[in-house]
Amino acid sequence: MVNNHPDTKPSTLASLELGSGDQPSGQPVVQSLWMLITDLFAAAVPVVPFALLGLSAARLTSLAVTFVLLVGLGIGRGLVGDRNIARTVVETVTIAAAAAGAGIGIGTLVA
């Protein structure tokens, strides 16, 4: 594969020989456990209001909290990627809304 890109061949081969470049750091088990914790938290956020509140209040609370967290995620994406924050917030919320709409649509078709 390196031969297909002769302009990057010397630096790629040097990185491989020296062991530099992007290499996984840390312990895989620790990283996996952190991923498990964050996934459980992300999955619980929209569900917890339904366990604590009435149906109509839970819907509004779930939507509001999820929206706030999606805005936070968009801000984080913008900062980490050094991109326009407003654009990444809109992208993040739009993708989530499209996924929610697709889920509702498929659920309606299946039901």
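The values are calculated or read from the model by the stated rules, or taken from the named source; none is laboratory data. This structure is a prediction, so every number in the text was calculated from the model and none was measured. We place every Cβ from the backbone using ideal geometry, glycine too, and count neighbours over all the protein chains shown.
How do the helices (runs of 4 or more DSSP H) wholly within the range 48-111 filter down when requiring 1 or more residues that are in contact (Cβ under 8 Å) with a residue 24 or more places away in the chain: which remain? Can you show your working first?
Numbers: elements: 48-52, 55-80, 85-110.
Helices (runs of 4 or more DSSP H) meeting the threshold: 55-80, 85-110.
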Have a look at Pro10, Pro49 and point out the one that is modelled with pLDDT of 90 or more and not aliphatic (A, V, I, L, M). Pro49
Counting only residues in the range 62-79 that are of a type in the set (Gly, Ala, Ser) and over 14 Å from the mean Cα position of the chain (by Cα), the one nearest to Val93 (Cα to Cα) is identified as Ala64
